[in-house]
Amino acid sequence: MKMRNVCLAPSRATPGMTLTSPVNGRDGLPLLAAGTTIDGDTIERLIRRGVETIWVEIPDERDARTIAIELEAADHRIATIFRGRGSPAREALREAVIHYRRESLQ
């Protein structure tokens with residue numbers, strides 16, 4: 001089965017999910033390593049420590065059409081945010097956001 005990485009709040013995680021990126025605390029110190037399978041107690045600890053987001057792997061049940069629709073919607077949102085003329089730094093940021101969104105939706 002195809003899998004995908006998603007970023008979500010610990011409160012939306014479910015026991016059995018696997019972290020795809022390390023989790024750091026507010027102080028920047030590592031709390032959990034990538035590859036850790038989280039359980040209910042771990043989720044509660046992350047919430048108590050104020051961890052805002054985690055990256056986990058989930059089954060990807062989307063078809064090609066759904067992915068294309070999601071990519072188009074993301075491109076539209078980015079175009080709205082970055083509408084108008086801007087500096088070269090702003091353009092570089094726009095390109096980085098586009099790359100990130102496309103990668104996260106694939």
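Here E103 meets the list (1) under 25 Å from K2 (Cβ atoms); (2) of a type in the set (D, E); (3) assigned to a loop (DSSP other than H, G, I, E, B) almost entirely, failing just condition (3). Considering the conditions (1) surrounded by 14 or more Cβ atoms within 10 Å (Cβ to Cβ); (2) out of contact with any Ser or Thr (no Cβ under 6 Å at 6 or more places or on another chain); (3) not polar (S, T, N, Q), A33 is excluded by exactly one of them, (1). Only residues that are under 18 Å from the mean Cα position of the chain (by Cα), of a type in the set (G, A, S) and exposed (fewer than 12 other Cβ atoms within 10 Å of the Cβ) were counted across region 36-76, and they come to 1.
When region 63-87 is examined, which residues are found to be under 14 Å from R101 (Cβ atoms) and either among the aliphatic types (A, V, I, L, M) or in contact with a His (Cβ under 6 Å, 6 or more places away or on another chain) (or both)? Scanning region 63-87 gives I67, A68, I69, L71, A73, A74, I78, A79, I81. Annotation: D41 fulfils all but one of (1) assigned by TED's automatic domain parsing to the domain that holds A13; (2) in a helix (DSSP H, G or I); (3) in contact with a helix residue (DSSP H, G or I) (Cβ under 7 Å, 6 or more places away or on another chain); the unmet one is (3).
Given the options R26, R90, R65, name the one that is without any contact (Cβ under 8 Å) to a residue 40 or more places away in the chain and part of a loop (DSSP other than H, G, I, E, B). None of the others qualify; the one that does is R26.
The values are calculated or read from the model by the stated rules, or taken from the named source; none is laboratory data. Everything quoted here is computed from the prediction, not taken from an experiment. Positions of Cβ are generated from backbone atoms using ideal geometry, with glycine treated the same way; all protein chains shown enter the neighbour counts.
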